[in-house]
Amino acid sequence: MKQSQKHLTRWCALSLVLTLLALTQLAQEAIAQNLPPRSIRLLLADKNTSTQTQTVSARDIFRAAYLNRYTWDEKFPGYTAEVKIKQGNEEYNGYIRVKPDLSVEVTGINSAQVRQTVEGQLRMVAIHRRRIPFEVAHKNHTYELGKTDNTGVVEIFEKGESTDAHYKVFKNQITQVNRTLGNTFVTVNLLDSLVSPKGYLATRYRTIFRQPQTKQVLGEQESEDTYQQIGDYYLLKRQVLRNFQAGQQTSTLIDFNNIQLLPKSTSTTPSDSRKGV
């Protein structure tokens, strides 16, 4: 059992690293502050209208999807919680702290590998909550429209100095990410989301890792996330990670309890270093 749990944790860690790399650039391009509401409404128009097909560019569609993504504002105070992790028959308990600058601390877990898994998942969530103007991260990127299927899903190709990727957008949400990272081709599919008044959050998504040349599937991971609104913020309440490799499925359950925002007196203004992630 110990050996199988060690294998599970190592696979979770590998999947996390690749998923984190695949999504980091997406998460960095957060809501630009001054887009008029009417511009967003135009992008939500019915896919069959001539206005959208004639006047909305690939960049417009892609940018609007980011404008629609939920992020924490500059007043985010950070929070603490108790954490419980279940992997097979193994259970671990500890504490987490997400600081106002979005750095993460995990304590009280006696397994280094499990602690790193929790830290990694929380960092990935924090990256998605960062608020950085689209124009800052994408000023050197160009976009081209691909196919639009009969359901209204739009394919968009992105090109830049250091990245080539393509995405799918549906109803103002990024529903698929495709990118090559080193020796691995990564596809992230959005399966479900929570639509809040301040944007959408991914609540279920599946990551597929392939060999770039042969497209052979190396492994898959599905994440199911549950959020709870605490004060003005949506915070991760539960995460279920399911890993699929060589015909076998393993699961990790991470529960967060007693979630509390940090007092404002302990909060600090996030530094500019957040823009470099």
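The values are calculated or read from the model by the stated rules, or taken from the named source; none is laboratory data. Nothing here was measured: the structure is a model prediction, and the numbers come from that model. Virtual Cβ from ideal backbone geometry, glycine too; neighbours counted across all protein chains shown. We work out accessible area using only protein heavy atoms, side chains counted, and drop any ligands, DNA or RNA first. Shrake-Rupley method; radii C 1.70, N 1.55, O 1.52, S 1.80 Å.
Could you tell me which residue of the range 177-205 is most open to solvent (accessible area, probe 1.4 Å), considering only residues that are closer than 19 Å to T71 by Cα, without any contact (Cβ under 8 Å) to a residue 40 or more places away in the chain and part of a strand (DSSP E or B)?
Per the criteria, the residue is V195.
For the range 227-244, state whether one or more residues are open to solvent by 50 Å² or more (accessible area, probe 1.4 Å), out of contact with any His (no Cβ under 8 Å at 6 or more places or on another chain) and of a type in the set (V, I, T).
no
How many residues, within the range 74-125, are at pLDDT below 95, in contact with a Gly (Cβ under 9 Å, 6 or more places away or on another chain) and small (G, A, S)?
Residues in the range 74-125 being at pLDDT below 95, in contact with a Gly (Cβ under 9 Å, 6 or more places away or on another chain) and small (G, A, S): 0 in total.
Restricting the search to the range 206-248, which residues are within 19 Å of T187 (Cβ to Cβ), part of a strand (DSSP E or B) and not charged (D, E, K, R)?
Of everything in the range 206-248, those that are within 19 Å of T187 (Cβ to Cβ), part of a strand (DSSP E or B) and not charged (D, E, K, R) turn out to be T207, I208, F209, V217, L218, G219, Q221, S223, L241, N243, F244, Q245.
Is it true that A126 is under 16 Å from the mean Cα position of the chain (by Cα), closer than 21 Å to L201 by Cα and either without any contact (Cβ under 8 Å) to a residue 40 or more places away in the chain or open to solvent by 60 Å² or more (accessible area, probe 1.4 Å) (or both)?
yes
Taking the range 134-164 only, how many residues are touching a residue at least 24 places away in the same chain (Cβ under 8 Å), surrounded by fewer than 19 Cβ atoms within 10 Å (Cβ to Cβ) and under 20 Å from A202 (Cα atoms)?
1
Yes or no, residue by residue, for (1) under 29 Å from A137 (Cβ atoms); (2) modelled with pLDDT under 95:
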| site | (1), (2) |
| --- | --- |
| S193 | yes, no |
| Y200 | yes, no |
| D225 | yes, no |
| L236 | yes, no |
| L241 | yes, no |
| G247 | no, yes |
| T250 | no, yes |
| I259 | no, no |
| P263 | no, yes |
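I'm checking my understanding of the structure. Among residues of the range 67-88 that are of a type in the set (S, T, Y) and over 15 Å from V195 (Cβ atoms), which one is most open to solvent (accessible area, probe 1.4 Å)?
The residue in question is T80.
Check whether at least one residue in the range 160-168 is within 18 Å of the chain's Cα centre (by Cα), of a type outside the set (D, E), closer than 30 Å to K237 by Cα and assigned to a strand (DSSP E or B), and report yes or no.
Yes, that holds for at least one residue.
Report every pair of residues separated by at least 6 positions or lying on different chains whose Cβ atoms are under 6 Å apart, first residue within the range 77-97 and over 11 Å from T252 (Cα atoms) and in a loop (DSSP other than H, G, I, E, B), second of a type in the set (A, V, I, L, M, F, W, C) and open to solvent by less than 80 Å² (accessible area, probe 1.4 Å).
Partner pairs satisfying both residue conditions: P77/L261; P77/L262; G78/V98; G78/L262.
Looking at Q216, Q211, Q173, can you tell me which residue is open to solvent by 20 Å² or more (accessible area, probe 1.4 Å) and under 22 Å from N150 (Cβ atoms)?
Exactly one of Q216, Q211, Q173 is open to solvent by 20 Å² or more (accessible area, probe 1.4 Å) and under 22 Å from N150 (Cβ atoms), namely Q173.
Could you go through the range 251-263 and let me know if any residue there is touching a residue at least 60 places away in the same chain (Cβ under 8 Å), farther than 22 Å from Y92 by Cβ and open to solvent by 30 Å² or more (accessible area, probe 1.4 Å).
Within the range 251-263, one or more residues are touching a residue at least 60 places away in the same chain (Cβ under 8 Å), farther than 22 Å from Y92 by Cβ and open to solvent by 30 Å² or more (accessible area, probe 1.4 Å).
Could you check how many residues of the range 137-158 are modelled with pLDDT under 90 and in contact with a strand residue (DSSP E or B) (Cβ under 7 Å, 6 or more places away or on another chain)?
Qualifying residue count for the region: 1.
So is H138 farther than 30 Å from E91 by Cβ and under 19 Å from the mean Cα position of the chain (by Cα) or not?
It is true that H138 is farther than 30 Å from E91 by Cβ and under 19 Å from the mean Cα position of the chain (by Cα).
Just for the range 89-104: of the residues that are open to solvent by 70 Å² or more (accessible area, probe 1.4 Å) and touching a strand residue (DSSP E or B) at 6+ places or on another chain (Cβ under 9 Å), which one is farthest from N257 (Cα to Cα)?
E91
Just one of (1) out of contact with any Leu (no Cβ under 9 Å at 6 or more places or on another chain); (2) buried (at least 16 other Cβ atoms within 10 Å of the Cβ) trips up Q221, so point out which.
With (1) out of contact with any Leu (no Cβ under 9 Å at 6 or more places or on another chain); (2) buried (at least 16 other Cβ atoms within 10 Å of the Cβ) applied to Q221, the lone miss is (1).
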